[in-house]
Amino acid sequence: MGRRYVSIWFRHLMTDWCTIRRPELKHIPFVLVVPLRGRMVVTAACPLATSQGIVLGMPVTDARALVPLLEVINDRPGQGERLLKALAEWFIRYAPLVAMDAPDGLILDATGCPHLWNGESSYLQEMETRMEAAGYRISTAMADTIGAAWAFARYGKDIKIIAQGAHLHTLSSLPPVALRLETSVLERLQKLGLYKIESLLSMPRAALRRRFGQTLLDRLDQAMGRQEEFLEPVRPVLQWEERLPCLEPISTRTGIEIALHRLLEAVCVKLSRVGKGLRKAIFQTYRIDGRIENIEIGTNRPSHHTAHLFRLLEEKIGTLDPGPGIELFILQAPHVEDSLPEQERLWAGVCRLDDARLSELLDRLTVKLGPGCIHRYLPAEHFWPERSVQKAITLQESTTAEWLAGRIRPVHLLRTPERVEVSAPIPDYPPMLFRYKGKIHRVKKADGPERIEREWWLDSGQHRDYYTVEDEDGCRYWLFRSGHYGDDQGSRWFIHGFFA
Amino acid sequence: MVSECACVTKKISIFTALMPSTKHDIIRQLEKEILPLQGYKPPTPGGQFSLGMRPVEEAFPNGVFPTGAMHEFLAANQEEAAARSGFTAAVVGKLMQDCGVCVWIGRKMEVFPPALAQYGIGPERVIFITPSSEAQVIWAMEEALKCEGLAAVIGHVRDIDLTTSRRLQLAVEQSRVTGFILHEPSRQVALVAAVARWRIKPLPSALEDGLPGVGFPRWQVELLKVRNGRPGKWVVEWSARGFHVVSQPVLTETKEQKRKVV
């Protein structure tokens, strides 16, 4: 199937925008101006002002002389571009590939899209009606090449649809200005009496190149489809993306769920065929009032399991606001990885870390509890207790470090050590008794000290001498003295953990 | 229930008719029939699970520590909570064996992963989950208990009512995961659907005379309630070789005896 492009031309982009924002401007001639070399110059004029003789590039003073009641509005630089970009994103509902065509147009790669709107003419009609309702006057055209669509949108009068392969002879009746040429080239063509494209076609290419430069030939070839032209889409189309346009706006949860299920199934079938799974999915909804909302989920391991992914996204459907209705659903998988072969059958029953059942459980927990609630710890090569573990990011990850085997650690560790009052005999002996939370514990048995040096390259401070002590009730604690016995600040004792 | 009773009475009649066995045999047989109805699966031949502390396991029906069921553990203070974590970790370590995975859920996680290695658990195979509310803890626990293949799910639960705990019990009956409720009741201890209610208290460790230092962890393991079993108290010591039930009277008595001697 040949490619089909739609060119959209906003005839009065900036002034239409001003009128939408300030409806009272509808019946007043007004212009947009910017300062240029010390004077104010017209950059856009409303149809009313144009009909009274105001042209672009005219100084404001001249324009005022022509139309005394002229309303002058300051144009902010970059405003037009921002507006065009927003419009381009809105047009994604009609085709996945939309490119900006500065300063006042858009190009859509509509290949394979019009049948969803019952054919090409109703496709273009729908765009025009919707834009008209919003307050923008546009003209559109559809052709096999970007150049031809561009030409007919602007100079085609009432010709909107150029049938496949018909652009060659339809184009020839248009003036050369329809070829997107520079003004200097156009002036020269005018001077030579070349008023139509057909007169260019019959000339030898070498002569054209010599007189008008390579650009003319390139433009001509692009319009004729002899040279490929590339679009730079406002939003790149991902490889793993599925779209579902709806004829009627959808606003019920059931409707959204059905749409989500169909999209997921389509993506998952494609993914499983090539042995890949998604790690991240984004579900976007395009509302008829132009708002775009999305929800996204992540998985712990590549997955193309429709039911599982549906459960994850289903949790978040509640956050979508359908508003007046949703007309387009898009499901994207921006992060796709090779899916690991299913191995659990070999060890049926026992769940390992690389088991799909486990990662699906964790996905569900992450979605409901939020990120940062699930932890797995790996040993870190530090003796300092607070640093002796590191958080693992993935389920498969492992380190070469090993858990400290010979050193006894308490099963409960306080997040921050707490001060205790202690009476200890001579230096380096374990305490005889200590007071923790108002209760006095008499130490019956003790082990230690185990000195743990502070890692000076990481932080500064004093070393710790740890003692394992057991009181008369058999409760076991992990106490430490910070620094040497009898330092200037006096020795400070802390409780850091509880042994089983 | 009515149909079950009918079924049981029918079986009695069949037994009495078939063989003239004693009353004792009939009751024994009936107990065997009732146990599966209450969530106990008969021990699978071959892969029988053992904790390595016979006297304690004898307290359970069939003399086997029930896996695929809910166990409830109480603790009165921080020290008991630590003892309870140690004991639970040791039991879970037996369940996990070499490659299993367990999930540990709690709002405030005090467990220090490196210490778990002493109880036979690879700390990297424990997944800690810290939800922000009590309701989420229960939800996460139920989800985890439904996940077939996990070795164990341990949850620090503050208040749990009978209905909620029944849901957990139903989940494990399906998935055969063993669940541990580390109960920290803020009010009165409510009734919880579990096969056993445990309480672990730390006891002074024992050392051979004259040796300095602290010995192996030693606990008073108390089974407050056992469904169809016999509650009791034992002194259990944990070392690298596993559990060891110390065959000496409970501590309180020894103290009294010592006083008498003095």
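FYI, it's all coordinate maths here, none of it is from the lab. Since we're looking at a predicted model, the values are computed, not measured. In this analysis, Cβ positions are derived from the backbone assuming ideal geometry, glycine residues included, and neighbour counts consider all displayed protein chains.
Is there a pair in B:LYS32/B:LYS233; A:LYS445/B:LYS94; A:LYS276/A:LYS368 whose C-alpha atoms are over 27 Å apart, and which pairs would that be? It would help to have the intermediate numbers written out before the result.
Details: B:LYS32/B:LYS233 25 Å; A:LYS445/B:LYS94 29 Å; A:LYS276/A:LYS368 25 Å.
From B:LYS32/B:LYS233; A:LYS445/B:LYS94; A:LYS276/A:LYS368, over 27 Å: A:LYS445/B:LYS94.
Given axes a ≥ b ≥ c from the Cα gyration tensor, I'd like to know whether the range A:146-218 is rounded (a/c under 1.5), prolate (a/b larger than b/c) or oblate. Because a/c hits 1.5 or more and a/b exceeds b/c, the range A:146-218 counts as prolate.
The C-alpha atoms of chain A define a longest principal axis, and helix A:146-155 lies at about 50 degrees to it. Here is the tail figure for the range A:397-466: Cα pairs spaced more than 15 Å apart come to 71 percent of all pairs. For A:GLN390, the residues whose amide H sits under 5 Å from its own are A:LEU378, A:ALA380, ignoring neighbours fewer than 5 places away on the same chain, with H placed 1.01 Å from N.
Return the equivalent ellipsoid semi-axes of the range B:124-247 as a descending list in whole Å, where each equals the square root of 5 times an eigenvalue of the C-alpha gyration tensor. Intermediate values should be presented prior to the final figure.
Details: eigenvalues 191, 62, 45 Å².
Working from the Cα gyration tensor, I get semi-axes of 31, 18, 15 Å.
With r as the distance between the Cβ atoms of A:ARG3 and B:SER247 and R0 = 56 Å, compute the FRET efficiency 1/(1 + (r/R0)^6) and round to 0.05. Let's see the in-between values first.
On the way: r = 87 Å, r/R0 = 1.56.
After rounding, the FRET efficiency stands at 0.05.
Net charge near A:ALA133, counting Lys/Arg +1 and Asp/Glu -1 over other residues with Cβ under 13 Å of its Cβ? Don't skip to the end; give the middle numbers.
On the way: positive: A:ARG130, A:ARG137; negative: A:ASP16, A:GLU126, A:GLU128, A:GLU132, A:ASP289.
My count for the surroundings of A:ALA133 gives -3.
Quick one: go through the range A:441-466 and flag any residue whose amide nitrogen is under 11 Å from the point 7 Å out along the Cα-to-Cβ line of A:ILE408. Once the point is set 7 Å along Cα→Cβ of A:ILE408, A:445-448 turn out to lie under 11 Å by backbone N, inside the range A:441-466.
Can you show me the helix-derived [θ] at 222 nm for chain A, built from DSSP H runs with n ≥ 4 at -39,500 (n - 2.57) apiece and divided by the number of residues, rounded to the nearest 500. Kindly include the intermediate steps, with their values, before the conclusion.
Numbers: 14 runs with 140 residues, N = 500.
My calculation for chain A gives -8000 deg cm²/dmol from helical runs alone.
Provide the percentage of antiparallel DSSP beta bridges, counting only those with both residues in chain A; round to the nearest 5.
Values: 84 of 89 bridges.
Antiparallel: roughly 95 percent of the beta bridges in chain A.
A simple spin-label model places pseudo-atoms 7 Å from Cα toward Cβ; at A:ASN294 and A:LEU66 they are separated by 4.5 nm. Evaluated on the range A:1-63, the Kirkwood hydrodynamic radius is 13.2 Å, with distances taken between all distinct Cα atoms.
Net charge of the neighbourhood of B:SER247, taken over other residues with C-beta under 12 Å away and scored Lys/Arg +1, Asp/Glu -1, is 0.
Which of the trypsin sites (Lys or Arg not before Pro) across the range B:185-230 are loop residues per DSSP, with 15 or fewer other Cβ within 10 Å? Intermediate results must be reported in sequence, preceding the final value.
Numbers: sites: B:ARG187, B:ARG197, B:ARG199, B:ARG218, B:LYS225, B:ARG227; in loops: B:ARG187, B:ARG227.
Taking the range B:185-230 and a limit of 15 other Cβ atoms within 10 Å, the loop trypsin sites (Lys or Arg not before Pro) found are B:ARG187.
Under the simplified labelling scheme, the B:LYS23-A:GLN239 pair shows an inter-label distance of 7.9 nm, with each label point 7 Å from Cα along Cα→Cβ. For the segment A:464-476, counting C-beta atoms of other chains within 10 Å of every residue's C-beta and taking the mean gives 4.
Given R₀ = 60 Å, what would the calculated FRET efficiency be for A:ALA401 paired with A:GLU126, taking r from the Cβ atoms and rounding to 0.05? If you can, show how the numbers build up before the last one.
Details: r = 63 Å, r/R0 = 1.04.
Working from the Cβ atoms, E equals 0.45.
Axis angle, to the nearest 10 degrees, between helix A:79-90 and the longest C-alpha principal axis of chain A: 80 degrees. Using a cutoff of 8 angstrom between alpha carbon atoms and counting only pairs six or more residues apart, the relative contact order for chain A works out to 9 percent. Could you check how many percent of all C-alpha pairs in the protein assembly as shown are farther apart than 48 Å? That fraction is 47 percent.
What does the structure give for B:138-150 when I average, per residue, the other chain Cβ atoms found within 10 Å of the residue Cβ?
Details: counts 0, 4, 7, 0, 0, 6, 5, 0, 3, 8, 6, 11, 6.
Neighbouring Cβ atoms belonging to other protein chains average 4 per residue here.
I want the local charge near A:LEU247. Using Cβ-Cβ distances under 13 Å, sum +1 for each Lys or Arg and -1 for each Asp or Glu among the other residues.
Working: positive: A:ARG93; negative: A:GLU126, A:GLU248, A:GLU327.
Net charge in that neighbourhood comes out at -2.
How high is the FRET efficiency from A:GLN214 to A:GLU187, r the C-beta distance, R0 22 Å, rounded to 0.05? Can you show the working numbers first?
Details: r = 18 Å, r/R0 = 0.82.
Computed FRET efficiency for A:GLN214 and A:GLU187: 0.75.
Largest first and in whole Å, what are the equivalent-ellipsoid semi-axes of the range A:241-367 based on the Cα gyration tensor, each being the root of 5 times an eigenvalue? If you can, show how the numbers build up before the last one.
Details: eigenvalues 178, 41, 24 Å².
Listed largest to smallest, the semi-axes of the range A:241-367 are 30, 14, 11 Å.
Annotation: peptides A:81-89, B:62-70, ranked by per-residue average of other Cβ atoms within 10 Å with the highest first, follow the order B:62-70, A:81-89.
I'd like the mean, over residues of A:365-372, of how many other protein chain beta carbons sit within 10 Å of each residue's own Cβ. Provide the component values of the computation, followed by the final result.
Details: counts 10, 1, 0, 5, 10, 3, 0, 2.
For peptide A:365-372, the averaged partner shielding equals 4.
Listing A:THR140, A:THR400 from fewest to most neighbouring C-beta atoms within 10 Å gives A:THR400, A:THR140.
Oblate is the label for the range A:136-188, because the ratio a/c of its alpha-carbon gyration tensor axes (a ≥ b ≥ c) is 1.5 or higher and a/b is not greater than b/c. For the range B:79-188, the share of alpha carbon pairs falling in successive 5 Å distance bins from zero is 2, 13, 24, 25, 21, 11, 3, 0 percent.
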